[in-house]
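Below is one structure, written out as structure tokens; the observations come after it.
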Amino acid sequence: MQSPSLQSWREEEYQPPPRSILYSLDPISQQGLGAESLRSYFIRLCRAHGVTPRRMVREVLASGAPGFRSYAGSRFLATGAMTINGLGSVAEAFAARLEALCARRDLTPLTLNPWAVLLPSNSAGAVYRKPRWCPLCIAEGRKTEAEIHQPLVWSMAVVAVCPVHHTPLEHSCGSCGRRQPALPRIPDLGRCAHCGEWLDRSHTAKPGNASDVQRWVAAASVEMTLAGFPVPGIQPLSRFRTLLLKAIDTYAGGVRAHFCRQIGLSPWALTKWLGEGRRPSLPQLLHVAYALDFQPAALFRLPSGQTPDFNIRALPGKLFHRAPKPLLSPDDVRRLKLSLQAAGEQGLTVSSICRQESLKRSAIKYWLPEECAHTSKLAKVAAESASKRSRSEKEDLAHAAFKQIAGEGAYPSRRRMEDKLKQSGTSLLNGVAREAYAQDRALLIGDCDVSMANVNLDQK
Ligand SMILES: [Zn+2]
Ligand SMILES: [Zn+2]
């Protein structure tokens, strides 16, 4: 007899779930650590498919989205890929591409991009420049044989300690002392990319080794990674401004300068946020949230028309220390601006100016962010057109070599092609030349087949 569930089965009614190109891996969210980071998700996805991150970017993400080819370069894989977790266009591009390939809609909250409605896309303190991890969390993952992942909160530069163990986050291997690439060649989040040892070793990790402020920042940041998208109709930025105005009225009788002194804020900050429509950076948002004792995530979660409850409290000194700004005289900045403009016109990169001026990229970016972005854009366009030119040159050389050999009455074999191409400084090892050769050969063989068919017909 058929079971009741099978009796109701209708084959024509069955709708198979949509197929995804890549395995639709579930993101990991762990108690106390919050959401997984998109970088961690991507590395686990590469592991599930048994391919290196570079190959995944070049051959899967870039197929159908050629813009991704630029993310397969060594510099991006080593450090740039940390921005996959952050605010801005790289995080947006990776989340959208992976959502399309994995047939999911829940990957953007693995980045800080839901916070782009409140924070500027170049916010300080958003993404640490190298991977960091908690050795104790990795040791626990090993013990329970859980799949090792890295939560988004570990990559936030404002967070100094693990939100669960309150130990400082590590950024170099406890065995060989080396830092880890953003996207390692072997997709393994638990082991060192250089010596292969587990990343659970540390000389400093002792639970409970953190100040109250560090613990609060870590916990508030975890909540931020779990906030998801703001509810439609809620504008966290205007809610932040309303909260500030209420606090100024409540604690400083409406006098902004007095309020700034009370919570240790620069007097210019309020003018920028309330008068000029500027957004607070992540450290500034956390500073205000700590001083007024509210959770930043509440700016997303509360129903429309409500602002979080607040309560002023004393700050234990400065919450975050900014790196000292690189010192350059106004004349230096003017000269640098001209160099950047000239470089842009010649299609040169910002890195070439860094080398020429013996300055770090961050210093140039600090003083001239717009000019820097413009020069990078022009350099990218120049590099793309140079690559196009070189491709078409290689293609022409291969066609010409093929024609010449065939014209001499010989069969254009691989060996003859290689000999000919060697004279013009290329080889069939080059993909474009190889493709052109394959096309010509297919045409030649096709012609031979047609002429053989004509001979057969004539014979009949
Ligand atoms: Zn931990
Ligand atoms: Zn190591």
Item checked: Condition met for V158 (under 22 Å from the mean Cα position of the chain (by Cα), in the same structural domain as L110 (by TED's automatic domain parsing) and not in a loop (DSSP other than H, G, I, E, B)) -> no
Margin query: Taking the criterion of being within 27 Å of T108 (Cα to Cα) and part of a helix (DSSP H, G or I), would at least one residue in segment 300-307 satisfy it?
Written below: yes
Checklist line | Residue within segment 40-52 that is in contact with a helix residue (DSSP H, G or I) (Cβ under 6 Å, 6 or more places away or on another chain) and either within 25 Å of S351 (Cα to Cα) or small (G, A, S) (or both) present | finding: no
Check: Among (1) over 26 Å from A219 (Cβ atoms); (2) assigned to a helix (DSSP H, G or I), where does P283 come up short?
Finding: (1)
Notebook entry, point to check: Would you call Q180 touching a Lys or Arg at 6+ places or on another chain (Cβ under 7 Å), farther than 30 Å from P303 by Cβ and free of Cβ contacts under 8 Å to residues at least 60 places away in the same chain?
Noted result: yes
Margin query: For segment 161-171, give me the residue count where each residue is out of contact with any Gly (no Cβ under 7 Å at 6 or more places or on another chain), within 13 Å of ligand 1 (Cβ to nearest atom), of a type outside the set (A, V, I, L, M, F, W, C) and assigned to a loop (DSSP other than H, G, I, E, B).
Written below: 2
Item checked: Search result, residues across segment 155-173 that are surrounded by fewer than 19 Cβ atoms within 10 Å (Cβ to Cβ) and within 16 Å of ligand 2 (Cβ to nearest atom) -> H171, S172
Note to self: Could you go through segment 183-194 and let me know if any residue there is in contact with a Phe, Trp or Tyr (Cβ under 8 Å, 6 or more places away or on another chain) and away from ligand 2 (no atom under 16 Å from the Cβ).
What the structure shows: yes
Check: Can you tell which of S266, S329, S352, S304 is under 31 Å from the mean Cα position of the chain (by Cα) and surrounded by fewer than 19 Cβ atoms within 10 Å (Cβ to Cβ)?
Finding: S352
Notebook entry, point to check: How many residues are buried (at least 18 other Cβ atoms within 10 Å of the Cβ), in a helix (DSSP H, G or I) and more than 10 Å from ligand 1 (Cβ to nearest atom) when one looks only at segment 117-146?
Noted result: 0
Margin query: Step by step: first the residues of segment 174-186, then only those that are of a type outside the set (S, T, N, Q), away from ligand 1 (no atom under 16 Å from the Cβ) and closer than 18 Å to A139 by Cα, then the one that is surrounded by the fewest Cβ atoms within 10 Å (Cβ to Cβ). Which residue is that?
Written below: G177
Notebook entry, point to check: Quick check, is V153 away from ligand 1 (no atom under 11 Å from the Cβ) and either assigned to a loop (DSSP other than H, G, I, E, B) or touching a strand residue (DSSP E or B) at 6+ places or on another chain (Cβ under 9 Å) (or both)?
Noted result: no
Item checked: Where A91 falls short, out of the listed (1) surrounded by fewer than 24 Cβ atoms within 10 Å (Cβ to Cβ); (2) without any contact (Cβ under 8 Å) to a residue 60 or more places away in the chain; (3) more than 30 Å from D212 (Cβ to Cβ) -> (1)
Notebook entry, point to check: If we keep just the residues of segment 101-134 that are within 16 Å of ligand 2 (Cβ to nearest atom) and modelled with pLDDT of 95 or more, which is nearest to F320 (Cα to Cα)?
Noted result: R132
Note to self: Can you confirm whether L87 is at pLDDT 95 or above, hydrophobic (A, V, I, L, M, F, W, C) and under 19 Å from A182 (Cα atoms)?
What the structure shows: no
Note to self: Every residue in segment 379-391 that is of a type outside the set (S, T, Y) and surrounded by fewer than 18 Cβ atoms within 10 Å (Cβ to Cβ), please.
What the structure shows: K380, V381, A382, A383, E384, A386, K388, R389, R391
Item checked: Exclusive hit being of a type outside the set (V, I, T) and within 30 Å of R241 (Cα to Cα), set S63, S89, S74 -> S89
Next item on the list: Inspect segment 224-236 for any residue being surrounded by 19 or more Cβ atoms within 10 Å (Cβ to Cβ), within 16 Å of ligand 1 (Cβ to nearest atom) and touching a residue at least 40 places away in the same chain (Cβ under 8 Å) and give the result as yes or no.
Entry: yes
Checklist line | Residue in segment 185-199 that is farthest from the chain's Cα centre (by Cα), counting only those that are touching a residue at least 60 places away in the same chain (Cβ under 8 Å) and within 13 Å of Q150 (Cβ to Cβ) | finding: L199
Item checked: Selection status of A81, within 16 Å of ligand 1 (Cβ to nearest atom) and assigned to a helix (DSSP H, G or I) -> no
Check: Which members of segment 141-154 meet the condition of being among the aliphatic types (A, V, I, L, M) and away from ligand 2 (no atom under 16 Å from the Cβ)?
Finding: A146, L152, V153
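The values are calculated or read from the model by the stated rules, or taken from the named source; none is laboratory data. Quick caveat, the model's predicted, so the values are computed rather than measured. When we count neighbours, we look across all protein chains shown, and the Cβ atoms used for this are built from the backbone with ideal geometry, even at glycine.
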